[in-house]
Amino acid sequence: MNDIDSAHPATHPFDAMAKAPEHHFVPLDNGRVRVLDTKVEPGRRTPVRAHEWPAALYVLSWSDFVRYDPERNVLLDSRNLAARPAAGAALWGGPIGSHFVENVGSTVLHIVAVEIKDPAEAGADRRRASHDSPTSGALMFDHVVFGVSDYAASKAFFLKALAPIGMAVVLEGSLGIELSADGKVSLCLFPTAEKPAHLHLAFVAENRQQVDAFHRAALEAGGTDHGAPGLRPNYSGKYYAAFVIGPDGHNIEVVCHEAED
């Protein structure tokens, strides 16, 4: 079934279906999602294309590939991944700018993506659906996704810096890595050739010792001190936080709102 809603069409000039239809099939397209079935045969190279929406990815068959930008600079070589997804793996991927893919393996690369056309509207749906739920309001975010210019360096930094608050790898695949401390809220990084805008990311600590440990670990991981652990009374009387500038200039904070034990 192809339930097309023209109110939410693809707008990127290098949309995958427009530029590489021989590698894609769309079984469903409506106002909320587009299901994109992608196949790249061994030795084949796609035309330059783009994916403007974040997506949940399901791997039907895996093959090593290299992703290039339009100038043939390597963005990602799957042979360098710490773990390669197996058939049946589910991944999360953010939007990807103009690129092309070459299958350098010996099998078909076959992935089905459920592209989320309007994440804000999807979030509004979840809020409406949970309005009367006893857990309503417990979480603001499900996940945060952003691109990094040096994937290996950013992965190493965030894994070490955020280990004191329990952050660890949930999964890693062709499009990046997902980290979480509780399995409910996650941080997702993906490689990009574009220079990311600076972000301020604040993570909650259970106690002040975790804030101190984050600051030490982040500096050891190569971060730059941007505020030693301590109270910030201009925020609140119990706001105990530390700040470190990490890769790509992001301001990484860990804060504890609890009184000292």
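The values are calculated or read from the model by the stated rules, or taken from the named source; none is laboratory data. These figures come from a predicted structure and were not determined experimentally. Because the Cβ atoms are built from the backbone with ideal geometry, glycine has one as well, and the counts that use them run over all protein chains shown.
A few comments on the model shown:
- Qualifying residue in segment 234-249 (condition: surrounded by fewer than 16 Cβ atoms within 10 Å (Cβ to Cβ) and within 30 Å of E52 (Cα to Cα)): yes
- Tally of residues being out of contact with any Asp or Glu (no Cβ under 9 Å at 6 or more places or on another chain), assigned to a loop (DSSP other than H, G, I, E, B) and more than 19 Å from L36 (Cβ to Cβ) across segment 72-101: 3
- Enumeration of residues in segment 178-230 that are β-branched (V, I, T) and free of Cβ contacts under 8 Å to residues at least 24 places away in the same chain: T224
- Among the residues listed as A153, A168, the single one being in contact with a Pro (Cβ under 7 Å, 6 or more places away or on another chain), among the aliphatic types (A, V, I, L, M), modelled with pLDDT of 90 or more and surrounded by fewer than 18 Cβ atoms within 10 Å (Cβ to Cβ): A153
- Unmet requirement for E115, which otherwise passes all of (1) at pLDDT 90 or above; (2) outside any strand (DSSP E or B); (3) closer than 30 Å to V48 by Cβ: (2)
- Counting only residues that are surrounded by fewer than 15 Cβ atoms within 10 Å (Cβ to Cβ), in contact with a strand residue (DSSP E or B) (Cβ under 8 Å, 6 or more places away or on another chain) and on the phi < 0 side of the Ramachandran plot, segment 171-203 holds 5 of them.
- Residue match in segment 50-66 (condition: in a loop (DSSP other than H, G, I, E, B), at pLDDT 90 or above and within 23 Å of V170 (Cβ to Cβ)): yes
- For segment 90-111, taking the residues that are aliphatic (A, V, I, L, M) and buried (at least 18 other Cβ atoms within 10 Å of the Cβ), the one that is farthest from G147 (Cα to Cα) is identified as L109.
- Among the residues making up segment 36-45, those that are surrounded by fewer than 19 Cβ atoms within 10 Å (Cβ to Cβ) and assigned to a strand (DSSP E or B) are D37, K39, R45.
- Summed over segment 71-104, the residues that are at pLDDT below 80 and under 22 Å from G43 (Cβ atoms) give a count of 2.
- Restricting attention to segment 21-35 and to residues that are without any contact (Cβ under 8 Å) to a residue 60 or more places away in the chain and crowded, with 18+ Cβ neighbours inside 10 Å, the residue that is farthest from F190 (Cα to Cα) turns out to be D29.
- Residue match in segment 13-31 (condition: in a strand (DSSP E or B) and under 17 Å from the mean Cα position of the chain (by Cα)): no
- Filter result for A82 (surrounded by fewer than 16 Cβ atoms within 10 Å (Cβ to Cβ), under 17 Å from the mean Cα position of the chain (by Cα) and over 20 Å from V148 (Cα atoms)): no
- From the list T107, T135, the lone residue that is assigned to a loop (DSSP other than H, G, I, E, B), at pLDDT below 90, over 12 Å from the mean Cα position of the chain (by Cα) and among the β-branched types (V, I, T) is T135.
- Here segment 32-79 is the region considered, the condition is being among the small types (G, A, S) and over 22 Å from K117 (Cβ atoms), and the residue that is farthest from the chain's Cα centre (by Cα) is G43.
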